[in-house]
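Data block below; observations after.
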Amino acid sequence: MSINFGREICGVLDLAAGREWLVTNGIGGYASGTVSGILTRRYHGLLVAALKPPLMRTLLLAKLDETVLYDGRNYPLGASRWAGGAVNPDGYEHIESFELEGTIPTWRFTCADALLEKRIWMQPGSNTTYLQYYLRRATQPLMLKLKALVNYRDYHGSTHARGWQMNVDAIEHGVRVTAFGEAVPLYLLSDRGQATLAHEWYYEFDLARERDRGLDDREDHLHAATFEATLQPGESLTFVASTEIHPKLDGQVALKLPRSLEQKLLGFWKQSRVHAKADPDWVSQLVLAADQFIVSRPLPDEPNGKTIIAGYHWFGDWGRDTMISLPGLTISVGRPELARPILRTFARYVDQGMLPNRFPDVGEAPEYNTVDATLWYFEAIRAYYAATKDEELLSELFPVLADIINWHRQGTRYNIHLDPNDGLLYAGETGVQLTWMDAKIGDWVVTPRIGKPIEVNALWCNALGTMANFARKLGKPYQEYKQMQELANIGFGRFWNDAVGYCYDVLDGPEGHDESLRPNQIFAVSLPESPLTPVQQRGVVESCARSLLTSHGLRSLDPNHPQYQGHYGGDQFQRDSVYHQGTVWGWLIGPFVLAHLRVFNDPLQARSLLEPMANHLCAHGVGSLSEIFDGNEPLTPRGCIAQAWTVAEVLRAWIATEPTTENSEF
């Protein structure tokens, strides 16, 4: 699809500042900002480098403030908002248009009769950002001045300079910035013109989105150098920010790599799809977005290890998010070979029968506070094997899976254990969040869900059935897994609440059964192995449709529940306290569509539920899909501007609802 904004968006500050772009480098680094050019988040920057891929993300280059001298007049192209609300410069007023060319953000600025194009991209596999300025139209030379504003901090932080002295040194083609003795140097280079050293702090940039989130909304950046060059019509300037000493300076050559990669991605998609020609352009845009989450996680004995970034800007790689996202981001887009190193990478971190919940940004020890990530691992492997018939990997991972089952049967961390009476999994202890509804404020777990959560046990039943099938394929004993599944399926019948026509959310909790209508029960219908009867499946789908379904996902709690909250915002306490209390989650639209398809067997009707996401690609994170939305209309997007499992589940559901082919999910 063509994502293109004219002055009706670009020239209105609130609209242009509310739309954000993202480019990535495949190792965890990224560049991101707003269409307007104004920084609104601490996470915005032209080079946020992953110094220890895929983490240790560090803001190095915050922005370039561009000014054009043309026909005797100065035209500011950059834009900044300062403490107190003043906007100066106001270069957004000169934006003629903004376009997303694949994943490459492109601006066109008008200065009298001159038209200047600007593109931003990153070099795959390198902490290197390119900005190219091309003078498409002019009747005389144009002078371009670029002020480079740098920093050196963790991407979650903020800088208040207080006399911080960086070393800024002149080198061939530009400057080298060394923030302090042990810092990784930043190289700022251009293919033409000259660089003039500077060391001037610009104080109190206003970060409006951080203020909305109750966080520090002020930031200082260092003006390290100014680059100047004169362009004739048809000429270009390439500016490079890199942690590498000698990055390529030829912008035209450098641009071929990301464009070639995008063509390959679309080629894989089309080759894997019999009916790809019938897909709308917005689905192709999602295919490109999917690749932004696949990143390297090299290990000493696995240099090509891979993982999945859960969301931009602030998430790293999480076990749960990775396993949920993996089928949609790899198999659905025709790249199942990418799933293999991810599955192998995570196998190395299995401990006491558990996958890590997340890898901290600082430090080496992964955190294991999750009951469901491990069970999603079974489903990810099942989906991979169904697509590839890779018995070599299945044989390699089978002992890991068998060990996981054994640990759950005997009991592992956080009181996770099998109840021999009903075959279901019990999980939880005071003060620990274990399910995907994992908000915690201090010692308060907002949705503790201690007991037998429904989606955990739907996954458990599914995992046991999957394990029995795997064992049978490999010629190993499978009867025990089948017997465990049969017992769990019978026990799962306890979740059905006949009085209301849908399922309990949690069984056997400290206060008994939880009757709250939440979306977690949808997995008991959407997963390949469903323990519910057809009548019960329909009851679940219809109940969720009546109370939880929205254009962009499912609400996390019934609006009629006394604890429902329809607006997500405020400081961290306010946000986390409503995170799963009514907030809409985009990724849940995928499981709902699959459940709808299973119950009603109407692919066109099910697929129509995905169509509103096409419009959402033009808002919030342009070209991608958001993490969450307000529960109340108009369903304002919130949270991460680009979320892996939202993109993945929409793609997976799109494939599953192909009207002319038999659905293979069930």
How do the pairs read when you match residues in segment 1-20 that are at pLDDT 95 or above and open to solvent by less than 20 Å² (accessible area, probe 1.4 Å) with residues anywhere that are hydrophobic (A, V, I, L, M, F, W, C) and part of a strand (DSSP E or B), using Cβ under 7 Å and keeping only pairs 6 or more apart or on different chains?
ILE3/LEU100; PHE5/PHE98; CYS10/ILE95; CYS10/PHE98
Which residues, counting only those in segment 226-244, are over 30 Å from LEU51 (Cα atoms) and crowded, with 22+ Cβ neighbours inside 10 Å?
LEU231
Which one is least open to solvent (accessible area, probe 1.4 Å), of the residues in segment 260-277 that are in a helix (DSSP H, G or I) and charged (D, E, K, R)?
GLU262
May I ask you to verify whether ALA198 is over 20 Å from LEU47 (Cα atoms) and of a type in the set (A, V, I, L, M, F, W, C)?
no
Is it the case, given these coordinates, that THR583 is at negative phi, surrounded by 24 or more Cβ atoms within 10 Å (Cβ to Cβ), free of Cβ contacts under 8 Å to residues at least 60 places away in the same chain and not hydrophobic (A, V, I, L, M, F, W, C)?
yes
Testing ALA365 on (1) outside any loop (DSSP other than H, G, I, E, B); (2) more than 30 Å from GLN271 (Cβ to Cβ), one condition comes back false. Which one is that?
(1)
Quick one: which residue in ASP576, ASP630 is open to solvent by 20 Å² or more (accessible area, probe 1.4 Å), within 20 Å of the chain's Cα centre (by Cα) and over 29 Å from GLU262 (Cα atoms)?
ASP576
Scanning for something within 19 Å of the chain's Cα centre (by Cα), within 30 Å of LEU215 (Cα to Cα) and surrounded by fewer than 21 Cβ atoms within 10 Å (Cβ to Cβ), does segment 56-70 turn up at least one residue?
yes
Does GLU455 satisfy the condition of being free of Cβ contacts under 8 Å to residues at least 40 places away in the same chain and under 33 Å from the mean Cα position of the chain (by Cα)?
no
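Each row is one residue, and each column tells you yes or no for (1) assigned to a loop (DSSP other than H, G, I, E, B); (2) open to solvent by 10 Å² or more (accessible area, probe 1.4 Å); (3) of a type outside the set (A, V, I, L, M, F, W, C); (4) farther than 30 Å from GLY431 by Cα.
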| site | (1), (2), (3), (4) |
| --- | --- |
| LEU329 | no, no, no, yes |
| GLY334 | yes, yes, yes, yes |
| LEU338 | no, yes, no, yes |
| TYR377 | no, no, yes, no |
| ILE381 | no, no, no, yes |
Condition set small (Gly, Ala, Ser) and part of a loop (DSSP other than H, G, I, E, B), scope segment 623-666, selection modelled with the lowest pLDDT: answer is SER664
Cβ pairs under 9 Å, 6+ apart, first in segment 70-81 and within 11 Å of CYS111 (Cα to Cα) and free of Cβ contacts under 8 Å to residues at least 40 places away in the same chain, second open to solvent by 10 Å² or more (accessible area, probe 1.4 Å) and among the β-branched types (Val, Ile, Thr):
ASN74/THR67; TYR75/THR67; TYR75/THR110; PRO76/THR67
Every residue from segment 108-140 that is open to solvent by less than 10 Å² (accessible area, probe 1.4 Å) and not polar (S, T, N, Q)
PHE109, CYS111, ALA114, LEU116, GLU117, ILE120, TRP121, MET122, TYR130, LEU131, TYR133, LEU135
Among helices (runs of 4 or more DSSP H) entirely within segment 471-590, at least 1 residues that are within 24 Å of ASP321 (Cα to Cα), modelled with pLDDT under 95 and in contact with a Lys or Arg (Cβ under 9 Å, 6 or more places away or on another chain) occur in 572-578
Might you check whether a residue that is under 28 Å from ALA347 (Cβ atoms), touching a His at 6+ places or on another chain (Cβ under 7 Å) and open to solvent by less than 20 Å² (accessible area, probe 1.4 Å) occurs anywhere in segment 439-450?
no
With the requirement that a residue be of a type outside the set (Phe, Trp, Tyr) and assigned to a helix (DSSP H, G or I), what does segment 278-293 give you?
ALA278, ASP281, VAL283, SER284, GLN285, LEU286, VAL287, LEU288, ALA289, ALA290, ASP291
Would you confirm, using the coordinates I've provided, whether GLY570 is in contact with a Gly (Cβ under 8 Å, 6 or more places away or on another chain), buried (at least 20 other Cβ atoms within 10 Å of the Cβ) and small (Gly, Ala, Ser)?
no
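The values are calculated or read from the model by the stated rules, or taken from the named source; none is laboratory data. Owing to the predicted nature of the structure, the values given are computational and were not obtained by experimental measurement. Every residue, glycine among them, receives a Cβ derived from its backbone with ideal geometry; neighbour counts consider all protein chains shown. Note: accessible area is taken over every heavy atom of the protein model, side chains too, but ligands, DNA and RNA are not part of it. Shrake-Rupley method; radii C 1.70, N 1.55, O 1.52, S 1.80 Å.
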